[in-house]
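Asker: The structure follows.
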Amino acid sequence: MKKGLLALLALLVLLVLAACGSSEEGGSSSEGGEDSKKLVMGTSADFPPFESVDSSGEIVGFDIDLAKAIGEELGYEIEVRDMKFDGLIGALQSDRIDFVMSGMSATDERKENVDFSTEYHRSGEMFLSLKDAGISSIEDLDGKTLGVQLGTIQEQGARKIQEEYGFEIKPIDSSSIMVQELLSNRVDAIYIDKAVGLGYQAEQDLAGFDDPTSASPGMAAAFPKGSELVEEVNKALAALEESGKIQELKDKWLSEE
């Protein structure tokens, strides 16, 4: 009798632990019940001023503040998870996160796999190099090695014009590593979002010029296909635009543009 009771108690403990584990694996508790309204946001915190890790270890930036403002507008708590940029869409598709805000451009290719909100910012791109590299125009990139962040709109854009301008492409995991590669002369130039590039240009005393070829799509929040959150977030973005909150955050984080 005692052995049977102990076995039953052990089984109950295992069932409770399994239930707790399964509840922690998913991205969100926002669409599943009344008790908690939390959204899990994926970002790649190596893209200042949109998202980066400050000296205290906190993830900060324009996208982070905007996501929190959206959360306040809609009544959600926002949990931010840091991951590699080229893994963000996969995390959405596997329901590990609810949405992405990470300086992500709403390209046609990405739209095949995720849904996007309305655009909330458009930067454009620029090229950066060392001041003594003799690179002042896109034509000067002929025969050079260009660093681009893996999985970004800049990588896609660079591949479109690679043959025309005769440079080699070196994909790199993050923008911060990309800048280190430039400073160490392992690449001749880097191709980067303009808002981010201006910060690195001032910080590292680099030469730079705007991309003259074409404008990229604007930045938007990304969601799993068919997510009902898209409509909610679009309404929040419209309200934040109308109230001046988005401009306030741009003045705070993007004033160097």
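Asker: Filter the range 179-197 down to residues that are among the small types (Gly, Ala, Ser), closer than 19 Å to GLU168 by Cβ and buried (at least 24 other Cβ atoms within 10 Å of the Cβ), then give me how many there are. Give the steps one after another, and end with the answer.
Answerer: Residues of the range 179-197 among the small types (Gly, Ala, Ser): 184, 189, 195, 197.
Next, only the ones that are closer than 19 Å to GLU168 by Cβ stay: 184, 189.
Keeping just the survivors that are buried (at least 24 other Cβ atoms within 10 Å of the Cβ) gives 189.
Of the residues in the range 179-197, 1 are among the small types (Gly, Ala, Ser), closer than 19 Å to GLU168 by Cβ and buried (at least 24 other Cβ atoms within 10 Å of the Cβ).
Asker: Another one. Give me a count of the residues in the range 73-97 that are over 17 Å from ASP63 (Cα atoms) and aromatic (Phe, Trp, Tyr).
Answerer: The qualifying residues number 0.
Asker: Separate question: Which count do you get for residues in the range 204-250 that are within 24 Å of LYS194 (Cα to Cα), open to solvent by 90 Å² or more (accessible area, probe 1.4 Å) and acidic (Asp, Glu)?
Answerer: 3
Asker: Still on this model: Checking SER216 against (1) in a helix (DSSP H, G or I); (2) among the hydroxyl-bearing types (Ser, Thr, Tyr); (3) more than 15 Å from the chain's Cα centre (by Cα), which test does it fail?
Answerer: (1)
Asker: Can you name every residue in the range 116-149 that is surrounded by fewer than 16 Cβ atoms within 10 Å (Cβ to Cβ), free of Cβ contacts under 8 Å to residues at least 12 places away in the same chain and not small (Gly, Ala, Ser)?
Answerer: The answer is ASP132, and nothing else.
Asker: For the list (1) over 18 Å from the mean Cα position of the chain (by Cα); (2) crowded, with 21+ Cβ neighbours inside 10 Å; (3) modelled with pLDDT under 95, I need the number of the one condition that SER175 fails.
Answerer: Result: SER175 passes all but (1).
Asker: Given the conditions (1) assigned to a helix (DSSP H, G or I); (2) modelled with pLDDT of 95 or more; (3) under 21 Å from ASP86 (Cα atoms), report the number of the one that ASP140 does not fulfil.
Answerer: Unmet condition: (3).
The values are calculated or read from the model by the stated rules, or taken from the named source; none is laboratory data. Fair warning: this is a prediction, and the values are worked out from it, not measured in the lab. Positions of Cβ are generated from backbone atoms using ideal geometry, with glycine treated the same way; all protein chains shown enter the neighbour counts. Please note that ligands, DNA and RNA were not included when accessible areas were found on the heavy atoms of the full protein model with its side chains. Shrake-Rupley method; radii C 1.70, N 1.55, O 1.52, S 1.80 Å.
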